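This report refers to the structure that appears directly beneath it.
Derivation of every value follows stated rules applied to the coordinates shown; laboratory data play no part. What you see is a predicted model; the values in this text were computed from it and never measured. Using ideal geometry, Cβ is built from the backbone for each residue, glycine included, and neighbour counts are taken over all protein chains shown.
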Amino acid sequence: MYPIVDHEVLAPRVHRLRVQAPVVAEKAKPGQFVILIIDEKGERVPFTISDWDRDAGTVDFVFIEVGKTTQQLATLQPGDRLLSFIGPLGRAAEVDRYGHVVTVLSGYGIAATVPIIRALKEHGNTVTTIVQAPDKERLFGVHPLEELSDDLILALGTKGDGMMESTTVAIRKLLDAHPKKPVDRVIAMCSLCLMRVLSEMTRPLGIKTMVHLTPVMVDGTGMCGACRLSVGGTNRFACVHGPEFDGHEVDGWEVLMARRCTYADESILQQGFQCRGCSQW
Amino acid sequence: LNLNRVEMPKQSEHERRHNFDEVALGYTWELAKEEASRCIQCKKRNCQQGCPVNIDIPDFIAALQREEIEEASRILKRKTSLPGVCGRVCPQELQCEQACTLNKKGAPIAIGRLERFIADWERTQGAPTMPEMAPSTGKKVAVVGSGPSGLTVASDLAILGHQVVLFEALHVAGGVLMYGIPEFRLPKEIVQREVQYVQALGVDLRLNTVIGINYSLDELLNTDYDAVYLAPGAGLPKFMRVPGENLNMVYSANEFLTRTNLMKAYLYPEYATPIKMGKRVAVIGGGNVAMDAARCAVRLGAQEVYVIYRRTRAEMPARLEEIENAEEEGIQFHFLCNPTGFLSDGRNNVAAMELIRMQLTEPDESGRRRPVPIPGSEYIMDVDTVVVSLGTSPNPLIPSTTPDLEVTRWGTVVIDERGRTSKARVWAGGDIVSGGATVISAMGEGRIAAAAMHEYLTNGQKKIIPPTPAKDED
Ligand SMILES: Cc1cc2nc3c(=O)[nH]c(=O)nc-3n(C[C@H](O)[C@H](O)[C@H](O)COP(=O)(O)OP(=O)(O)OC[C@H]3O[C@@H](n4cnc5c(N)ncnc54)[C@H](O)[C@@H]3O)c2cc1C
Ligand SMILES: Cc1cc2nc3c(=O)[nH]c(=O)nc-3n(C[C@H](O)[C@H](O)[C@H](O)COP(=O)(O)OP(=O)(O)OC[C@H]3O[C@@H](n4cnc5c(N)ncnc54)[C@H](O)[C@@H]3O)c2cc1C
Ligand code: SF4
Ligand code: SF4
Ligand code: FES
């Protein structure tokens, strides 16, 4: 059993849990995820590791309430125990010295990308971070991003509050300045639609764009094939070959979106999830 | 000489289409006695030679004839730690029962059913009989994977006095017995009882731990462990690589069966894992896995279930009993056809598949008739759910994180005749070595490797006599 040692509400429907799981903490790397099960009747559900403490043996993740499991997680308190907590799964995000890296984040990606940005800084990169949130109330986790990033751009779905315009406008500006003010790499952990749009924007400029894909998963160890997607013409399993992929090589976006939404019909509570580009809606 | 075997009661077709309860109900003591009485106690033990783990079949049947069920159980347990499982899922018709002397004249003794009867009887008798444990050797062994092969090695080595840690990636032990084979063929309670038995022998079961991720094989060898047994199975699903195979509602059998069996999606929403299924389900393949998937689909409420197989019924690798069960349950078999692609409903859900008709060639040197497509014979079939059940390949995780572990080009781990791999202090067995075989062969390979490991751990002491189970005093 894996005890919960801390639970913080970051914004409406957004929570951070800290779980005692020394075996996972010991090997965790930026961009990897865990699969947890709450109790005997629970589902196996993946979450990206947002922080860890090897000495204390704890692992953090941030989640958004969207359906049954995440709603149930939201009720758990320190002292409660999870039946299962498996990880760190997937490959770590690629990190090297690239130069100027732009990260684009929304939803849980705002927290889950922090370890990647930290590693990017340790490798001497300049980092511009763009954060998208529906509005100011639902914005969270800005402080560590401010500290770590050389430049932080807030993009809110609604105008006002002294915030900037939409994410794509912010990115367009950065790309327009390229290559004079070069963008050497883009890393995105945000909605599937935005990652797809981003990949198309950077493709003509040849700027490597890494996307963090989250198809529906079951085992998370390469056994079920639920998470398969086509990358560069071959089938890849997001849980073992990803979840980070080169966005220019992903060639099954529409299928990926449809598969992601298999179980969405009754369950989506998350506003703004119902993107127009997705074939299911 | 009675040449007719005693039939085993089973749930009616009509009833069982709507539940996940076990189909075959098992012998009563009366029926078991009657069937046992048919055995003529041959001097030449043909049946025993047909069993991959060499169970003393005539002896346990003789015990039944003497009405000594407990003794029969003890004889069984000498060679198998999973009688309740093997009695249910062994392909007996190709093994012990095929070799039975009576098979030449009439119906062979229903050895599997008798084994199952004994195991089930034992389960009603309270705590299982515990074997005599050897004193501690002070040696520590890691077993990777808790399927039948890993469970066998863990229990054998624990009985021989070694300290055993059994690592399992999933949240439940049992391997395919838990995630693959459905409840209606093998109740999960039986598997869990075997797991508890292995734990009662002192084996330290560590669930949720993936070797290759949490610890590499080298880490195990360089830290606590004197030897390692690898039994991670063959869990990597195969796909056909035809257009449209990633469309929504095209499942691998592994996903379909894992959701249904391991995660109990048939009890959704009491259990949180859902499984989405349409009305017209096509299962591609002709093995046990395909039969299991098709029969799950029936029980999950599909209106039509088709099995698509590129050869004919005669070549199907599934057990005959399961093919017959499937037919009785209304599953429709389409032979001599093969999918060439899947078509979308416009929203990336599968709506139909394109098939091509096949014909069998004349037998080649190996005596096999190969299926070849008939040009221009393509046709379309409407389906809204597809389960690809073409088998699996060895799990690549451990070989890919252990460069000096020799594997074949099919990804199976190379071993010698006693289970030893190319890497010092590492043995392997089960589906990771065979690429996919049977429960009993996975167990048998474990047996052999466990004996070799014991010899190594005790500097050459041979395990001569298998430990005899003694009655648990409490
Ligand atoms: C690699 C990976 C990392 C993830 N990291 C995070 C994270 O850090 N924080 C976070 O809030 N969410 C994360 N997710 C998504 C998270 O797993 C889903 O939000 C969660 O499964 C929803 O479960 P539910 O029971 O609450 O909702 P449900 O009612 O089950 O489903 C709501 C929606 O969530 C998605 N979903 C459901 N089950 C899964 C599944 N098994 N795998 C992927 N998506 C699913 C589907 O789009 C579904 O329509 C991640 C997903 C993946 C694959
Ligand atoms: C649907 C289906 C039906 C079948 N029907 C029959 C039948 O009727 N009769 C029959 O005899 N055989 C049948 N088989 C075949 C039989 O189940 C297998 O041959 C047998 O289970 C193999 O045993 P194993 O111990 O080698 O591996 P498995 O049973 O596959 O167990 C391997 C275990 O190792 C775990 N594991 C994998 N990788 C790691 C890792 N890196 N770290 C830790 N743990 C790991 C897995 O999670 C799994 O629990 C069937 C198979 C399937 C899939
Ligand atoms: S283990 Fe299998 S092959 Fe051996 S006797 Fe039992 S049913 Fe027959
Ligand atoms: S071969 Fe058949 S009849 Fe002969 S001993 Fe074995 S089970 Fe009995
Ligand atoms: S989640 Fe099962 S293979 Fe990736």
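Observations, loosely collected:
- For the pair the stretch B:413-459 / the stretch A:219-244, the C-alpha centres are spaced 30 Å from each other.
- Mean partner shielding of peptide A:223-232, defined as the number of other chain Cβ atoms within 10 Å of each residue Cβ, is 6.
- Relative to the longest principal axis of the Cα atoms of chain A, the long axis of helix A:167-176 makes an angle of roughly 40 degrees.
- For A:Thr209, the residues whose amide H sits under 5 Å from its own are A:Val186, A:Gly247, A:His248, ignoring neighbours fewer than 5 places away on the same chain, with H placed 1.01 Å from N.
- Low-density loop positions, trypsin sites (Lys or Arg not before Pro), the stretch B:419-462 - DSSP coil, at most 14 other Cβ in 10 Å: B:Lys462
- Other protein chain C-beta atoms within 10 Å of residue C-beta, averaged over A:213-220: 3.
- Taking Cα centre as origin and charging only the Cβ of basic (Lys, Arg, +1) and acidic (Asp, Glu, -1) residues, the dipole magnitude of the protein assembly as shown rounds to 1220 debye.
- Only beta bridges with both residues in the protein assembly as shown are counted; by DSSP, about 50 percent of them are antiparallel.
- The trypsin sites (Lys or Arg not before Pro) of the stretch A:38-112 that DSSP puts in a loop, and whose beta carbon has at most 11 other beta carbons within 10 Å, are A:Arg97.
- When both the stretch B:242-269 and the stretch A:89-129 are represented by their alpha-carbon centers, they are found 34 Å apart.
- Peptides B:313-324, B:114-125 ordered by average Cβ neighbours within 10 Å, highest first: B:114-125, B:313-324
- Mean Cβ neighbour count within 10 Å, used as a protection proxy, ranking B:195-202, B:375-382 highest first: B:195-202, B:375-382
- Sorted peptide list for B:13-23, A:18-28, criterion being average Cβ within 10 angstrom, highest first: A:18-28, B:13-23
- J(HN,Hα) series, the stretch B:216-230, from Karplus relation 6.51 cos²θ - 1.76 cosθ + 1.60, nearest Hz, glycine and proline x: 7, 4, 5, 4, 4, 5, 8, 9, 7, 9, 7, 7, 9, 10, 9
- Farthest towards the positive end of the charge dipole of the stretch A:52-121, among the residues A:Gly87, A:Val114, A:His100, is the Cα of A:His100, using unit charges on the Cβ of Lys, Arg, Asp and Glu.
- In the stretch B:2-67, the convex hull through the Cα atoms has an average projected area of 6.1 nm², a quarter of its surface area.
- Cα-Cα over 19 Å, subset of B:Lys43/B:Lys77; B:Lys44/B:Lys105; A:Lys68/B:Lys264; A:Lys173/A:Lys208; B:Lys77/B:Lys104; B:Lys43/B:Lys104: B:Lys43/B:Lys77; B:Lys77/B:Lys104
- Number of partner chain Cβ atoms within 10 Å, mean per residue of B:254-263: 4
- Cα centroid of the stretch A:1-20 to Cα centroid of the stretch B:79-147, whole Å: 46 Å
- Dividing the alpha-carbon radius of gyration of the protein assembly as shown by the rule-of-thumb value 2.2 N^0.38 Å gives 1.03.
- Whole-number percent relative contact order across the stretch A:2-89, with pairs defined as alpha carbons under 8 Å at least 6 apart: 40 percent
- Reachable aspartates and glutamates from A:Lys180, criterion Cα separation under 19 angstrom, eight or more residues apart if same chain: A:Asp150, A:Asp151
- Charged side chains reduced to their Cβ positions (Lys and Arg at +1, Asp and Glu at -1) give the stretch A:93-212 a dipole of some 340 debye around its Cα centre.
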